[in-house]
Amino acid sequence: MVTFNIEELLKKHGKSKYWLCKNMNITFHNLNRIIYGETNAISFRYLEDMCKYLDCEIGELISFDDDIEK
């Protein structure tokens, strides 16, 4: 299962989800859908913006857990 470490990265930088939404021009609802794995696809633009605003590499942003039952 692919998971996003967005909340951890936000905490690391002392920022909020609201701050990220404003900078990325994304709705709070859509950001939460990404964070909680409730979406089937994400655009490269969002991935690029997340890495830019969270000052991270793609490998820090995305994790893969092979335990499907989680």
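Annotations
- Hits in the range 16-54 - residues which are modelled with pLDDT of 95 or more, surrounded by fewer than 15 Cβ atoms within 10 Å (Cβ to Cβ) and outside any helix (DSSP H, G or I): Ser16, Asn25, Thr27
- Residue within the range 55-68 that is open to solvent by 90 Å² or more (accessible area, probe 1.4 Å), hydrophobic (A, V, I, L, M, F, W, C), touching a residue at least 12 places away in the same chain (Cβ under 8 Å) and not in a helix (DSSP H, G or I) present: yes
The values are calculated or read from the model by the stated rules, or taken from the named source; none is laboratory data. Remember, it's a predicted structure, so these values are computed and weren't measured experimentally. Virtual Cβ from ideal backbone geometry, glycine too; neighbours counted across all protein chains shown. For accessibility, only protein heavy atoms count, side chains too; no ligands or nucleic acids. Shrake-Rupley method; radii C 1.70, N 1.55, O 1.52, S 1.80 Å.
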